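Q: The structure is given below, and queries will be raised subsequently.
The values are calculated or read from the model by the stated rules, or taken from the named source; none is laboratory data. Just so you know, these numbers come straight off a predicted model, no measurement behind them. Heads up, the Cβs are rebuilt from the backbone with ideal geometry, glycines too, and the neighbour counts pull from every protein chain shown.
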Amino acid sequence: MSDPDLRAGVAQALFDKALQLGEADRIEEAIDAYDELLSRFGQVADGGTRALVADALVNKGYLLDKSHRTAEAVEVYADVVARFGQATEPELRELAVGALIDQGVLLGELGRRDDGVALYTAAITAIGEAASPSLEGKLATALFNKAATISRLERDREALTLYDELVARYIESSEPELRVHVARALGNKGITLHKLGRIEDAIAVYDEIIERFGHDKTRAIDAVAVHARRKRAQLRAITYRRRVIAAWRRRVSNGRR
């Protein structure tokens, strides 16, 4: 067996060990196994071990996050981006894009929402440069997360633009993952319009959700449709009360009751 083959075999054995430990919920031992792999092969990864190093880093980041070691997970995902963000191999660039998105989520949890937005923007740019159909799901995630984060930063009009971009891009898609993103984007758009006082526009969005997704029993989509029905009823009640009050005031101003 040649030296590269031997190295690849050892790396694969360490990776498999770490994977099994993680699946058994022996988190710290799994992290240690990934660290051993990274210590031995991380700085000299070749064609036989490069993908394993990337996967090991991503899995380590996931386990750190699962262990509530959020800041450490952010550092690991940043390492993935630094190492593989310019990789020529599509699967490695896809991992790097995923790491950008995961970093953004974790930074939001740490209260660093502006930094999270910057990472979602970087992911969107990277996906545009890659122009790969396999990245459409990640693009939808990045657009949605960026819009939701921007909305939490009170930049609601920017968020609406991003929700509209996502919906326009994927509204006709039959892919389940993309349909979920579209439904959730419309749901958040309705909430944002209501927040801005644009009640009639919000009702129109809820109408669209119910028309498009009202009979979809996918759990995530059904939850959006249920929320849309409830919010539409509430907003219709508000508009009705406003009309009644406006009519009463007109009568009063004309000297009638």
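Q: Mind listing whichever residues of region 162-190 are over 14 Å from residue 145 (Cα atoms) and surrounded by fewer than 18 Cβ atoms within 10 Å (Cβ to Cβ)?
A: Of everything in region 162-190, those that are over 14 Å from residue 145 (Cα atoms) and surrounded by fewer than 18 Cβ atoms within 10 Å (Cβ to Cβ) turn out to be 168, 169, 171, 172, 173, 174, 175, 176, 177.
Q: If only one of 73, 78, 183 is within 30 Å of residue 217 (Cα to Cα), among the hydrophobic types (A, V, I, L, M, F, W, C) and touching a helix residue (DSSP H, G or I) at 6+ places or on another chain (Cβ under 7 Å), which one is it? Break it down into steps so the answer makes sense when it comes.
A: On the way: 73 fails: within 30 Å of residue 217 (Cα to Cα); 78 fails: within 30 Å of residue 217 (Cα to Cα).
Every option except 183 fails the conditions.
Q: Sticking with this one: Can you run down the residue pairs with Cβ atoms below 6 Å, 6 or more apart or on separate chains, where the first is in region 27-42 and part of a helix (DSSP H, G or I) and the partner is surrounded by fewer than 15 Cβ atoms within 10 Å (Cβ to Cβ)?
A: Every condition considered, the pairs that remain are 27/67.
Q: Is region 154-164 home to any residue that is modelled with pLDDT of 95 or more, aromatic (Phe, Trp, Tyr) and over 12 Å from the mean Cα position of the chain (by Cα)?
A: yes
Q: Would you call residue 93 touching a residue at least 12 places away in the same chain (Cβ under 8 Å) and either touching a Ser or Thr at 6+ places or on another chain (Cβ under 9 Å) or under 22 Å from residue 149 (Cβ atoms) (or both)?
A: Details: touching a residue at least 12 places away in the same chain (Cβ under 8 Å): yes; either touching a Ser or Thr at 6+ places or on another chain (Cβ under 9 Å) or under 22 Å from residue 149 (Cβ atoms) (or both): yes.
Judged against the criteria, residue 93 is a match.
Q: Also, quick follow-up: Filter region 127-147 for residues that are surrounded by fewer than 22 Cβ atoms within 10 Å (Cβ to Cβ) and of a type in the set (Gly, Ala, Ser); which is nearest to residue 185 (Cα to Cα)?
A: Among residues in region 127-147 that are surrounded by fewer than 22 Cβ atoms within 10 Å (Cβ to Cβ) and of a type in the set (Gly, Ala, Ser), the one nearest to residue 185 (Cα to Cα) is 137.
Q: Which members of region 23-39 meet the condition of being hydroxyl-bearing (Ser, Thr, Tyr) and either over 17 Å from residue 8 (Cβ atoms) or exposed (fewer than 15 other Cβ atoms within 10 Å of the Cβ) (or both)? Spell out how you get there, then give the answer.
A: Residues of region 23-39 that are hydroxyl-bearing (Ser, Thr, Tyr), as a first pass: 34, 39.
Across region 23-39, the qualifying residue is only 39.
Q: I need a count of the residues in region 87-105 that are among the aliphatic types (A, V, I, L, M) and over 12 Å from residue 127 (Cβ atoms). Full working, then the answer.
A: The initial filter retains those residues of region 87-105 that are among the aliphatic types (A, V, I, L, M), namely 87, 92, 95-97, 99-101, 105.
When the remaining residues are screened for being over 12 Å from residue 127 (Cβ atoms), the result is 87, 92, 95, 99, 105.
Of the residues in that region, 5 qualify.
Q: Related question: Take the residues in region 209-226 that are part of a helix (DSSP H, G or I) and out of contact with any helix residue (DSSP H, G or I) (no Cβ under 6 Å at 6 or more places or on another chain), then tell me which one is farthest from residue 164 (Cα to Cα). So that I can check it myself, show each step before the final result.
A: Within region 209-226, the first condition is being part of a helix (DSSP H, G or I), and the residues that meet it are 209-213, 219-226.
Going one step further and asking which of them are out of contact with any helix residue (DSSP H, G or I) (no Cβ under 6 Å at 6 or more places or on another chain), we end up with 211-212, 219, 222-223, 226.
Details: 211: 17, 212: 16, 219: 23, 222: 21, 223: 20, 226: 21 Å.
This residue is 219.
Q: Assuming residue 99 fulfils every condition listed in (1) crowded, with 23+ Cβ neighbours inside 10 Å; (2) at pLDDT below 95 apart from one, which condition is it?
A: (2)
Q: Among the numbered conditions (1) within 14 Å of the chain's Cα centre (by Cα); (2) under 14 Å from residue 57 (Cβ atoms); (3) without any contact (Cβ under 8 Å) to a residue 24 or more places away in the chain, tell me where residue 79 comes up short.
A: The failed condition is (1).
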